[in-house]
């Protein structure tokens, strides 16, 4: 994936950015539960980024010109995207578990 396509106009990009912010903020505080939650959200957002590839169609106009038209990014599952989604859900769940049931 090209990082030029990483724009905040899609929900999965916002989710990935929010997860990265949470994970980075948790490191100096040594807050393991928040780190796991942030990494889970980041992995899920990146997984959905892979699962929503940009779609470009060629459109013909009445006046002989042909131009590319970018449409909606439909969900097209990819193996890496599904694995990152599963990893994200697992890390998020582990982080929530660590948050509410801390190990003593």
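Taken together, the values in this text are just the output of simple stated rules run on the coordinates, not laboratory data. On a predicted model such as this, the values are computed, not experimentally measured, just so you know. Backbone-built Cβ (ideal geometry, glycine too); neighbour counts: all protein chains shown.
Quick look at the numbers
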{"item": "Packing-based exposure ordering (other Cβ within 10 Å, fewest first) of 85, 9", "result": "9, 85"}
{"item": "Two-site FRET efficiency, residue 101 against residue 25, from Cβ-Cβ distance with R₀ of 25 Å, rounded to 0.05", "result": "0.65"}
{"item": "Protection-proxy order for peptides 16-24, 46-54, 75-83, 34-42, each taking the mean of Cβ atoms within 10 Å per residue, highest first", "result": "34-42, 46-54, 16-24, 75-83"}
{"item": "Segment residue 79-residue 17, extension gain: residue separation times 0.36 nm, minus the distance between their alpha carbons", "result": "20.1 nm"}
